Amino acid sequence: MFLLYANKPLPEPGTGEARQLLAAWNSATSQMAEAGVLIDCGPLQPPSASTTVSVRDGETLLTDGPAAEIKEHFGGFTLIECADLDEALKWAALVPTASDGRVEVRPLVPVMAPPVVANTEQPAG
């Protein structure tokens with residue numbers, strides 16, 4: 001998984017800078033898709049749109065805004081499946097965020113989903 005950190009917020013939609021960034025992203029994700037490594041990707045809304053949830057002593061606490069104040073903007077993610085770290089690093093260098101921010105490459109922990117239990121109850125009627 002790539003965690004994408006930018007040094008500045010995303011450009012305003014409709015601007016030349018936004019169109020250029022979108023073209024660069026389309027190029028990178030198209031190449032990943034054609035190579036068969038892209039699983040999913042997506043940008044995030046700005047930190048001001050976030051809500052942080054914590055539970056203390058059984059009470060759910062909600063806080064407007066991000067969990068931590070950082071100078072960089074956590075702007076999104078890209079999920080890929082590669083043979084090894086070297087291949088993942090090659091793809092990370094292609095992501096536009098790598099040229100003016102940073103791309104953190106972090107492996108996922110493999111977890112098996114629990115089996116689905118069929119509902120054996122008959123509907124009333």
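The values are calculated or read from the model by the stated rules, or taken from the named source; none is laboratory data. On a predicted model such as this, the values are computed, not experimentally measured, just so you know. No Cβ is skipped: glycine too gets one built from the backbone with ideal geometry, and neighbour counts run over all protein chains shown.
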Is there any pair linking a residue in the stretch 80-107 that is among the acidic types (Asp, Glu) to one that is in a loop (DSSP other than H, G, I, E, B) and at pLDDT 95 or above, with Cβ under 8 Å and at least six apart or on different chains, and which?
Glu81/Val37; Glu87/Val37
Tell me, which residue of the stretch 21-41 that is among the β-branched types (Val, Ile, Thr) and out of contact with any Ser or Thr (no Cβ under 8 Å at 6 or more places or on another chain) is surrounded by the fewest Cβ atoms within 10 Å (Cβ to Cβ)?
Ile39
The stretch 10-32 residues that are closer than 15 Å to Phe77 by Cα, paired with ones that are surrounded by 12 or more Cβ atoms within 10 Å (Cβ to Cβ) and not hydrophobic (A, V, I, L, M, F, W, C) (beta carbon under 6 Å, 6 or more apart):
Trp25/Pro96
Among the numbered criteria (1) at pLDDT 90 or above; (2) surrounded by fewer than 17 Cβ atoms within 10 Å (Cβ to Cβ), which single criterion is violated by Thr78?
(2)
Strands (runs of 3 or more DSSP E) lying entirely in the stretch 27-90 (those with 2 or more residues that are of a type in the set (S, T, N, Q))
51-56, 59-64
Taking the stretch 91-118 and the residues there that are among the β-branched types (Val, Ile, Thr) and in a loop (DSSP other than H, G, I, E, B), the one that is farthest from Asn26 (Cα to Cα) would be Val117
For the stretch 69-99, give me each residue that is acidic (Asp, Glu) and closer than 26 Å to Ala49 by Cα.
Glu69, Glu72
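Answer yes or no as to whether Glu72 is among the acidic types (Asp, Glu), surrounded by 10 or more Cβ atoms within 10 Å (Cβ to Cβ) and over 16 Å from Val95 (Cα atoms).
Working: among the acidic types (Asp, Glu): yes; surrounded by 10 or more Cβ atoms within 10 Å (Cβ to Cβ): yes; over 16 Å from Val95 (Cα atoms): yes.
Here the answer is yes, as Glu72 does meet what is asked.
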Qualifying position, being surrounded by 10 or more Cβ atoms within 10 Å (Cβ to Cβ), among the aliphatic types (A, V, I, L, M), touching a Phe, Trp or Tyr at 6+ places or on another chain (Cβ under 8 Å) and under 15 Å from Ala98 (Cβ atoms), among Leu4, Leu44
Leu4
